[in-house]
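*Asks:* Here it is, the structure, as structure tokens.
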Amino acid sequence: MEDTILEIKGLKTHFLTDSGQIPAVNGVDLHLKKGEILGIVGESGCGKSVTSLSIMQLVQHPGKIVGGEILFNGEDLVHAKEKRMRQIRGNKIGMIFQEPMTSLNPVFTIGNQLIEAILIHNKISKREARMRAIEMLNLVGLPRANELVDEYPHQLSGGMRQRVMIAMAMVCEPEILIADEPTTALDVTIQAQILELMKKLNKETNTSIIMITHDLGVVAEMCDRIAVMYSGKVVEEGDTKSLFKNPQHPYTKGLIESVPDVRTKKDRLFSIPGSVPIPGSIKKGCHFAERCPYAFDTCREVAPSLLDVGNGQRARCHLHETEAKATLLQGASH
Ligand code: SF4
């Protein structure tokens, strides 16, 4: 796929603990095209953040990538040396974290932190770097950027700090921006502004974005394509419109049904029963079987594979192995 900028094949990231190996990510296959916004969704504990940290080689001990490939423009990042990763992080692939206050250093000014990021990756003078920092703060819509550059993170509101984080991630014009729950800690109006800003940057700079979230509203608004993760694997993938209109995996269907709809009156909101299994606790079969309303005997014995289900969608579910059973799901999704 020549317009593919990132391809993840069979990625496995495990945590090697005293009580055994915990497979947080256990065979993830994903791809990202140039200029595309890909949403990765799923409940907490599905492996979304560990996947993104693996791309950056930022998984902390005792976590370790134990298998698979992460191809960035054809270069395998799994085996890249730390020196090479330092050239890639921030410069080629930027990352925005959930809570900006934990990512910004409270004892340095905004300007210092931005200028440092610029100088690490560019051979320009300090003065030029400062100008670039101010330019970037303006680009992310921060008011009075000339003064703000000399202020400290605690002097800014949460929304402003998140804009600074986006400015830091975008300052070296990365080819990929990974945003891990970038708006979770913000109120809804600021959230809408930040999402709008990311969309604008994507259009203007053609930066590919991976948006990690548990919020289906955010992916519907932002993303071209969606990968749904469950228990360390991608269980469904497809373009946003098709996936929302016609989910092909019972988990995706459950997630969509769990979103409250203001147009319909319900006594009780829908929720998927049970919770995400502890990684490694299920030894065979489909990991969603305990929570799945369609589960049958095979599901508890044999792990399903990711299958092409038409319309550009792929789903990891035995229902799609026979047409009759797939109809069950189709019928129930309308
Ligand atoms: Fe449900 Fe079986 Fe499909 Fe798993 S494989 S999602 S248990 S129907």
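*Asks:* Looking at (1) in a loop (DSSP other than H, G, I, E, B); (2) touching a helix residue (DSSP H, G or I) at 6+ places or on another chain (Cβ under 9 Å); (3) in contact (Cβ under 8 Å) with a residue 24 or more places away in the chain, can you tell me which one HIS287 breaks?
*Replies:* (2)
*Asks:* While we're here: Considering only residues of the range 208-219 that are touching a Lys or Arg at 6+ places or on another chain (Cβ under 9 Å) and either hydroxyl-bearing (Ser, Thr, Tyr) or part of a helix (DSSP H, G or I) (or both), which is farthest from GLU321 (Cα to Cα)?
*Replies:* Restricting to residues being touching a Lys or Arg at 6+ places or on another chain (Cβ under 9 Å) and either hydroxyl-bearing (Ser, Thr, Tyr) or part of a helix (DSSP H, G or I) (or both), the top hit is SER208.
*Asks:* Within the range 270-310, work out how many residues are closer than 17 Å to SER242 by Cβ and in contact with an Asp or Glu (Cβ under 8 Å, 6 or more places away or on another chain).
*Replies:* Result for the range 270-310: 2.
*Asks:* Would you check if ARG263 is closer than 19 Å to GLY217 by Cα and either over 24 Å from the mean Cα position of the chain (by Cα) or basic (Lys, Arg) (or both)?
*Replies:* Considered against the rule, which asks whether it is closer than 19 Å to GLY217 by Cα and either over 24 Å from the mean Cα position of the chain (by Cα) or basic (Lys, Arg) (or both), ARG263 comes out as yes.
*Asks:* Looking at (1) surrounded by fewer than 18 Cβ atoms within 10 Å (Cβ to Cβ); (2) farther than 30 Å from GLY274 by Cβ; (3) modelled with pLDDT under 95, which is the one condition that is false for GLU69?
*Replies:* So the condition that GLU69 fails would be (3).
Results for (1) among the basic types (Lys, Arg); (2) at pLDDT 85 or above; (3) closer than 22 Å to LEU77 by Cβ, shown as yes or no for each residue.
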site	(1), (2), (3)
HIS154	no, yes, no
VAL164	no, yes, no
PRO174	no, yes, yes
ASP187	no, no, no
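*Asks:* Which is more than 18 Å from PRO182 (Cα to Cα), under 18 Å from the mean Cα position of the chain (by Cα), crowded, with 16+ Cβ neighbours inside 10 Å and aliphatic (A, V, I, L, M), of VAL59, VAL50?
*Replies:* Testing whether each residue is more than 18 Å from PRO182 (Cα to Cα), under 18 Å from the mean Cα position of the chain (by Cα), crowded, with 16+ Cβ neighbours inside 10 Å and aliphatic (A, V, I, L, M) leaves just VAL59.
*Asks:* For the range 324-333, does any single residue satisfy the condition of being among the basic types (Lys, Arg) and buried (at least 18 other Cβ atoms within 10 Å of the Cβ)?
*Replies:* no
*Asks:* While we're on this one: For THR327, are the conditions met, namely being in contact (Cβ under 8 Å) with a residue 24 or more places away in the chain and either part of a helix (DSSP H, G or I) or farther than 24 Å from HIS214 by Cα (or both)?
*Replies:* Spelling it out, it is not the case that THR327 is in contact (Cβ under 8 Å) with a residue 24 or more places away in the chain and either part of a helix (DSSP H, G or I) or farther than 24 Å from HIS214 by Cα (or both).
*Asks:* Also, I was wondering about something else. Can LEU11 be described as closer than 23 Å to SER305 by Cβ and not small (Gly, Ala, Ser)?
*Replies:* Judged against the criteria, LEU11 is a match.
*Asks:* Does TYR294 fit the bill of being farther than 30 Å from SER157 by Cα, assigned to a helix (DSSP H, G or I) and within 16 Å of the ligand (Cβ to nearest atom)?
*Replies:* no
*Asks:* Within the set of pairs 6 or more residues apart or between chains, which connect a residue that is touching a residue at least 60 places away in the same chain (Cβ under 8 Å) inside the range 217-230 to a residue that is polar (S, T, N, Q) with Cβ atoms less than 7 Å apart?
*Replies:* What qualifies is VAL218/THR183; VAL219/THR213; VAL219/THR240; CYS223/THR240; ASP224/THR240; ARG225/THR240; ILE226/THR240; VAL228/THR252.
*Asks:* Run GLU301 past the list (1) over 21 Å from the mean Cα position of the chain (by Cα); (2) free of Cβ contacts under 8 Å to residues at least 60 places away in the same chain; (3) away from the ligand (no atom under 13 Å from the Cβ) and report the number of the one that doesn't hold.
*Replies:* Tallying (1) over 21 Å from the mean Cα position of the chain (by Cα); (2) free of Cβ contacts under 8 Å to residues at least 60 places away in the same chain; (3) away from the ligand (no atom under 13 Å from the Cβ), GLU301 fails exactly one: (3).
*Asks:* For the range 185-207, which residues satisfy the criterion of being out of contact with any strand residue (DSSP E or B) (no Cβ under 8 Å at 6 or more places or on another chain) and in a loop (DSSP other than H, G, I, E, B)?
*Replies:* Listed by number, the residues that qualify are ALA185, LEU186, ASP187, ASN206.
*Asks:* Report whether or not VAL164 is buried (at least 19 other Cβ atoms within 10 Å of the Cβ) and more than 20 Å from the chain's Cα centre (by Cα).
*Replies:* In short, no.
*Asks:* Further question: Only residues that are within 14 Å of the ligand (Cβ to nearest atom) and under 14 Å from GLY42 (Cβ atoms): list them for the range 247-275, please.
*Replies:* PRO247, HIS249, PRO250, TYR251, THR252, LYS253, GLY254, LEU255, ILE272 - these are the residues of the range 247-275 that are within 14 Å of the ligand (Cβ to nearest atom) and under 14 Å from GLY42 (Cβ atoms).
*Asks:* Here is a further query. Can you tell me which residue within the range 226-246, out of those that are part of a loop (DSSP other than H, G, I, E, B) and more than 14 Å from the chain's Cα centre (by Cα), is nearest to the ligand (Cβ to nearest atom)?
*Replies:* SER231
The values are calculated or read from the model by the stated rules, or taken from the named source; none is laboratory data. Predicted, not measured: the structure shown is a model, and the values here were computed from it. Cβ sites come from the backbone with ideal geometry, for glycine too, and all protein chains shown count toward neighbours.
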